[in-house]
Protein chains: 2
Amino acid sequence: MQATHPYEQLLPTHTVLLDGDSVEEKREEILTYFHKTYSIYEELHTILKDDRAFYLQPEKLRHPHIFYFGHTATFYINKLVLAKILDKRINSSYESMFAIGVDEMSWDDLNEDHYDWPAVEDVRDYRRKVRKVVDHLITTLPLTLPITWDSPFWAILMCIEHEHIHFETSSVLLRQTDIDRVQPNPLFPRYSQHGQAPVNELIAVPEGEVTLGVSHQDHNMYGWDNEYGTHSAHVEAFAASKYLVSNREYLEFIEVGGYNTPEYWSEEGRAWLEYTRAQHPVFWIVSNGTYRYRALTEEMEMPWDWPVDVNYLEAKAFCNFKSRQLGVSIRLPSEDEWVHLRNISGIQDQPFWEEAPGNINLEYAASSVPVNRFRKGEFYDVIGNVWQWTETPIFGFRGFKVHYLYDDFSTPTFDNLHNIIKGGSWISTGNEANFASRYAFRRHFFQHAGFRYVQSSHKVVVENSVYEEDQAASQYCEFHYGEKYLRVENFHKKIVDLALRYTRDLPRKKALDVGCSVGRISFELAKEYESVTGLDFSARFINLAHRLQKEGKLLYTIIDEGELVGYREHTLDELGLAESAPAVTFMQGDACNLKPLYTGYDLVIAANLMDRLYAPRRFLRILHERVNPQGIVLLTSPYTWREEFTEKAEWLGGYKKDGENVTTLDSMHEILDEHFELLGNPRDVEFVIRETSRKFQHSIAEVTVWQRRK
Amino acid sequence: MQATHPYEQLLPTHTVLLDGDSVEEKREEILTYFHKTYSIYEELHTILKDDRAFYLQPEKLRHPHIFYFGHTATFYINKLVLAKILDKRINSSYESMFAIGVDEMSWDDLNEDHYDWPAVEDVRDYRRKVRKVVDHLITTLPLTLPITWDSPFWAILMCIEHEHIHFETSSVLLRQTDIDRVQPNPLFPRYSQHGQAPVNELIAVPEGEVTLGVSHQDHNMYGWDNEYGTHSAHVEAFAASKYLVSNREYLEFIEVGGYNTPEYWSEEGRAWLEYTRAQHPVFWIVSNGTYRYRALTEEMEMPWDWPVDVNYLEAKAFCNFKSRQLGVSIRLPSEDEWVHLRNISGIQDQPFWEEAPGNINLEYAASSVPVNRFRKGEFYDVIGNVWQWTETPIFGFRGFKVHYLYDDFSTPTFDNLHNIIKGGSWISTGNEANFASRYAFRRHFFQHAGFRYVQSSHKVVVENSVYEEDQAASQYCEFHYGEKYLRVENFHKKIVDLALRYTRDLPRKKALDVGCSVGRISFELAKEYESVTGLDFSARFINLAHRLQKEGKLLYTIIDEGELVGYREHTLDELGLAESAPAVTFMQGDACNLKPLYTGYDLVIAANLMDRLYAPRRFLRILHERVNPQGIVLLTSPYTWREEFTEKAEWLGGYKKDGENVTTLDSMHEILDEHFELLGNPRDVEFVIRETSRKFQHSIAEVTVWQRRK
């Protein structure tokens, strides 16, 4: 079965479920899904009037259509080669040229002079070859059910779903293309009616609990990495607008001079206004003093009752205007609130519906429809029509991990600059139309997206999902919280275990973890001590410890090879440290100049600190003033003295004095013996710091335990 | 027993044997040895006329007498503290001030303004306290026999023998002190007679074998570290002068203008002449146109038949003059030749003689005696009278190791700049008078030293004993030849074992070890391959490999802590590599631009090379031209790509290309698959590079084995 589907069979599509009873039926289903997707994408591009139109650049920061036309095809080949399903390329030059540059670029990146785009017919020919290859693979690859992350069919589905995303992306670019260069296609008919917009109103939504995230184990639909994991939240009661904001309702904002009233706009919004000089939504056209409207392939009279298409910045400015107008706090919903509202509506998920419960999946129209057309419960357009901006910057759910075939699908968006859009638009198909999907865009970006506003006095929680990329800091995160490497157990846990053995019969009120770095020892101590102070000279490290305490999780990248990174997440929960974490206070501080308030400790631990201090003697000399009588000081160090950290004159050991070797242990005795007794013999404890997946610093710390005399 | 010995009982002393039947007798013997040594040293300083004389500086590059007077006492305390035998210092200030600066210093080091030397009486008082402490320790410390390197009594003996050395050193400085500031002491009487010198002649010595070095296990005398280990040599026949060179014989050299004839002098000798403007030996005095002589405490008529005191440079210049005069090759003896001559003489070692078989151990006079006074066999002054300079720069015997209480006794002299002196002088006592002892001084240095010359056409072998101190190089020496660390076996042996498994049924003629570093893989391959080429870009590393091949041993220091180092020696013998080593050819070469001659190999190994090349692709692309059909290429690397070694554009992996991750293995396949087949799966082999005794780089190399297609 290689031919394309008959025209009328192309739509609608339904996401393939990963499970099933019959392998051969599933194979057939995937084959059909592939061909439909591939064909619809090609059909969409027939909207361009002629081949020359493929080279137009409707967005000056994005490639011309020809790139996107080639891109989805090369994506199949590139990912299937990467997945080692395919061992021969079709056209290396295309597969490089069409590979990257999907997203908006910076000013200097996108110099179209660098590109010598091929002829459309050649790309069509290439697409035909790709279709054959993928068809052959789907027909012949071993298939077992359910399909999992590691299955070759996961790669196939990834490529199909990727094309679904671009289907919508290209429709936005087409809608931005000069009206003279596009033509209608009967497969994509616009909705014919529009009229007066209904008056919007706020409807109460009761509080409730939401649980988001699908399971890595048994979710039965293809999903992008950001959908997996767990997230749950209590949603406070709020009120939400009955309708999405219509063009008419948005007009109010324009008429009060909203685009010229800076206080409605965020700083980011003002910068965007300054750059674009925008005065109205992007698909509005000013013509002879009236507003007209740009649909996919035509300009038309303004459909006032259709939802407005805006970016987040515009939606947010509207909310600020509305807040002032109503005298209450109006904003966009959070992702949690949106999910709560959708849960209440009780609508089905795309693979299971007979008919779309909204203007979505191209099941109804190739344009927006009136905001009062699709009702579910008390609300309209719970899904579909246009995407709905939320206040929530996208983040990884607990347990997030990247898929090895697409490790930069989500992680570059975990930067608090990409906000989640929910619900899908009229042209959202495949995974885009699924409940669990989570797409996010830069806040100034255009999709077929609008918004519903909510009234709530509750601030939206921004989940931090920024991965620490500073490698010095990341190495320490992994050292404290990460995996065991080279058969060496977690150092910090071992040190705390040791300390606890020596303090069994002593008070356990206050403990100090000096040089706490990213905090593991502090958190471990908090399980046994009433209060723990974690001190570090480095604000960067302390901030990570503090973030972990506050957010319960730590995200960072670690280098695997060269510049390739892996993504790591660790939580206090998983480490059994969540409950006691509040007992820790992390502070920036200088061990060589310790403030007087740090005193009265029953236990002081300085792990691998001494040989990184600028004046280690000063630190050792005041210890007896900070620890209670009979209190314990535990010191560990591999004694790697280096001039970059400690001037040679300040080294505690590793030099000759009066011709004789002085070791660090000698100097510690010299300084500490007056007030402390060394308990037992020094002992060795190994530790490993990972630099890459194949390179490690492996050290042997000497651990000494000192008890202050009574 | 604390009082000093009666005057007449002070001399002579005899070295204490380490074994014995009675612990208490041994304790008594050591106590006596200590007090005699301590007292003689103090007696020697009564030669200074008054206390002010203690502050004179007879050598402008050495400290005044007061330093040496204090030094030997503080040495006891410093070493006994270091050995943890003593836990309290007597006077920290003295024990620092008198601790270092024994040797000649450079111009800028010795600024006497920096020193505020104490009063002589205070130092005498300090010496009394030290005597008490040491006496107490000798009396009370646990003693078991035999005394070994680890015994507390070894530290005691070290301090006593140290004082014996300084006894002679101070006698040289006293002999250099202004004659008006010294006075005789009946304990140190000069020999009363002198007369006409005998005519010297050369006497044949038959060839023979010598074995030097004492055993770490069962030598029964205290020895300095450089005496231990093994060394054996075949000594070719030579002829030696019957007498040491007398003042009269040396006069000839002066009379022919020897001090003004540059061609007699080595470059070092010419530099010394230029600096000192010397015109005659240092203890000769020109007075009213005649040469007079400086003995320990008096100036006297020139004793023409006494041996001349000169440094090595003067002795060597004399030999060069003599060579020209006689028309044969005259030089100083090597250490081996000296030992051979002494073996032939059959004289006893100091602890066992009833009476000294020469003018030594202060048993005969406190000055030289005529060169024809002491005969043993056909030669005179086989030992004693004055030290005899040799051609041999001091080196460590095979198996050399430093003693932990004095790790810089010998190693700073292993620099090919310190020549061995043998036989002892009239004032050599203790270990100095022992057969096995090996002292060495800078070639321009003065002792009571002269020489015997030999005629031989055989060049003296200079045993290289310079420790490689460049830490980058040393780390690699230890990585290739050193200990196993962190439970990880030797990487290079493992790699060769692996290579041999894959080449079992293939020809084993030529192998290439590219990036051979300090050569372990090359040497291991040479056991199985007819010829092995070891190539490295670094001349420094290749030189070390080459040195190991040539000299059979490799010496280097490794960092223990801070600046403190350990000394390591490894030999091809001990590694079982000596026999096959000649099959290796080490060459400097560039793997990215390999000369055409490097071809026709049955096996090529590139261990941990790729990620350090500036153009790794170029290296991989020519491999098939260098390896025979069916030949094997074994590549290992931890893929730690770094811009400092390889520009990012040249990396084989660890980057994104067209948006997808590229690993090094991907690129290797891309380049090698045309001509090679990957045998089996890549495998991991760990390796560990030691940085300090507590810090290591621990990596996991990926090993791939490729076979060239027929």
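Table: residues versus (1) touching a residue at least 40 places away in the same chain (Cβ under 8 Å); (2) more than 13 Å from B:Arg568 (Cα to Cα); (3) surrounded by 21 or more Cβ atoms within 10 Å (Cβ to Cβ).
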position	(1), (2), (3)
B:Glu378	yes, yes, no
B:Val382	yes, yes, yes
B:Asp415	yes, yes, no
B:His418	no, yes, yes
B:Ala440	yes, yes, yes
B:Val461	yes, yes, no
B:Tyr476	yes, no, yes
For segment A:674-709, name all the residues that are more than 10 Å from chain B (Cβ to nearest Cβ) and of a type in the set (Asp, Glu).
A:Glu674, A:Glu677
Checking B:Glu647 against (1) more than 26 Å from A:Lys79 (Cα to Cα); (2) facing chain A (nearest Cβ under 10 Å), only one condition comes out false. Which one?
(2)
For B:Gly377: the one exception among (1) among the small types (Gly, Ala, Ser); (2) farther than 27 Å from B:Thr230 by Cα; (3) at pLDDT 95 or above:
(3)
Quick check: anything in segment B:609-619 facing another protein chain (nearest Cβ under 8 Å) and either surrounded by fewer than 21 Cβ atoms within 10 Å (Cβ to Cβ) or closer than 30 Å to B:Lys484 by Cβ (or both)?
no
Look at B:Val339 and say whether it is aliphatic (A, V, I, L, M) and either in contact with a strand residue (DSSP E or B) (Cβ under 8 Å, 6 or more places away or on another chain) or under 21 Å from B:His234 (Cβ atoms) (or both).
yes
What are the residues in segment B:243-276 that are over 30 Å from the mean Cα position of the chain (by Cα) and either under 22 Å from B:Asn416 (Cα atoms) or not hydroxyl-bearing (Ser, Thr, Tyr) (or both), if any?
B:Asn247, B:Arg248, B:Glu249, B:Leu251, B:Glu252, B:Phe253, B:Ile254, B:Glu255, B:Val256, B:Gly257, B:Gly258, B:Asn260
Unmet requirement for A:Ser287, which otherwise passes all of (1) at pLDDT below 95; (2) within 30 Å of A:His219 (Cα to Cα):
(2)
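Per-residue answers, yes or no, for (1) within 14 Å of chain B (Cβ to nearest Cβ); (2) free of Cβ contacts under 8 Å to residues at least 60 places away in the same chain; (3) touching a Pro at 6+ places or on another chain (Cβ under 7 Å):
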site	(1), (2), (3)
A:Leu577	no, yes, no
A:Ala583	no, yes, no
A:Met587	no, yes, no
A:Tyr598	no, no, no
A:Asn628	no, no, no
A:Val633	no, no, no
A:Ser637	yes, no, no
Pick from segment A:313-345 the residues that are more than 26 Å from the chain's Cα centre (by Cα) and in a loop (DSSP other than H, G, I, E, B): which of them is farthest from A:Pro357 (Cα to Cα)?
A:Gly327
Tell me, yes or no, whether segment A:499-511 has at least one residue that is among the charged types (D, E, K, R) and under 27 Å from A:Asp470 (Cα atoms).
no
List, please: which pairs have Cβ atoms under 7 Å, are six or more places apart or on different chains, and start with a residue in segment A:394-412 that is within 11 Å of chain B (Cβ to nearest Cβ) and end with one that is aliphatic (A, V, I, L, M)?
A:Leu405/A:Leu82; A:Leu405/A:Ala83; A:Leu405/A:Ala155; A:Leu405/A:Met158; A:Tyr406/A:Met158
Conditions (1) outside any helix (DSSP H, G or I); (2) crowded, with 22+ Cβ neighbours inside 10 Å; (3) hydroxyl-bearing (Ser, Thr, Tyr); number of the one not met by A:Ser457
(2)
Scope segment B:677-710; condition within 21 Å of B:Tyr601 (Cα to Cα), out of contact with any helix residue (DSSP H, G or I) (no Cβ under 7 Å at 6 or more places or on another chain) and crowded, with 18+ Cβ neighbours inside 10 Å; matching residues
B:Gln707
Test A:Asn416 against the criterion of being more than 19 Å from A:Ala365 (Cα to Cα) and touching a Pro at 6+ places or on another chain (Cβ under 6 Å), and give yes or no.
yes
Just checking, which of A:Leu525, A:Leu500 is closer than 15 Å to A:Ala606 by Cβ, in a helix (DSSP H, G or I) and out of contact with any Pro (no Cβ under 6 Å at 6 or more places or on another chain)?
A:Leu525
If you scan segment B:215-238, which residues turn out to be farther than 12 Å from B:Leu18 by Cα and acidic (Asp, Glu)?
B:Asp225, B:Glu227, B:Glu236
Anything in segment B:1-18 that is at pLDDT 95 or above and surrounded by fewer than 17 Cβ atoms within 10 Å (Cβ to Cβ)? List them, or say none.
B:Leu17
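What are the residues in segment B:284-303 that are surrounded by 13 or more Cβ atoms within 10 Å (Cβ to Cβ) and farther than 18 Å from B:Glu252 by Cβ, if any?
Across segment B:284-303, the qualifying residues are B:Ile285, B:Arg292, B:Arg294, B:Ala295, B:Leu296, B:Thr297, B:Glu298, B:Met300.
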Within the set of pairs 6+ apart or on separate chains, which have a first residue in segment B:515-535 that is at positive phi, a second that is aromatic (Phe, Trp, Tyr), and C-beta atoms under 6 Å apart?
B:Ser517/B:Tyr476; B:Ser517/B:Phe541
Given the conditions (1) touching a residue at least 60 places away in the same chain (Cβ under 8 Å); (2) touching a strand residue (DSSP E or B) at 6+ places or on another chain (Cβ under 8 Å); (3) more than 22 Å from A:Thr636 (Cβ to Cβ), report the number of the one that A:Gly552 does not fulfil.
(1)
Does A:Glu647 satisfy being within 27 Å of A:Phe395 (Cβ to Cβ), out of contact with any strand residue (DSSP E or B) (no Cβ under 9 Å at 6 or more places or on another chain) and either charged (D, E, K, R) or surrounded by 14 or more Cβ atoms within 10 Å (Cβ to Cβ) (or both)?
no
Does B:Ala591 satisfy the criteria of being surrounded by 17 or more Cβ atoms within 10 Å (Cβ to Cβ) and either in contact (Cβ under 8 Å) with a residue 40 or more places away in the chain or closer than 29 Å to B:Ala526 by Cβ (or both)?
yes
Go through A:His35, A:His71 for me and flag whichever is of a type outside the set (Ser, Thr, Tyr), crowded, with 21+ Cβ neighbours inside 10 Å, in a helix (DSSP H, G or I) and within 14 Å of another protein chain (Cβ to nearest Cβ).
A:His71
Selection from segment B:652-671 of residues that are buried (at least 20 other Cβ atoms within 10 Å of the Cβ), in contact with a helix residue (DSSP H, G or I) (Cβ under 6 Å, 6 or more places away or on another chain) and more than 8 Å from chain A (Cβ to nearest Cβ)
B:Leu652
Selection count, segment B:384-413, where residues are over 28 Å from B:His216 (Cβ atoms) and either surrounded by fewer than 24 Cβ atoms within 10 Å (Cβ to Cβ) or of a type in the set (Lys, Arg) (or both)
0
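The values are calculated or read from the model by the stated rules, or taken from the named source; none is laboratory data. Bear in mind that the values here come from a model prediction, so they are computed numbers and not experimental data. Reconstructed Cβ throughout: ideal geometry from the backbone, glycine too, with neighbour counts over all protein chains shown.
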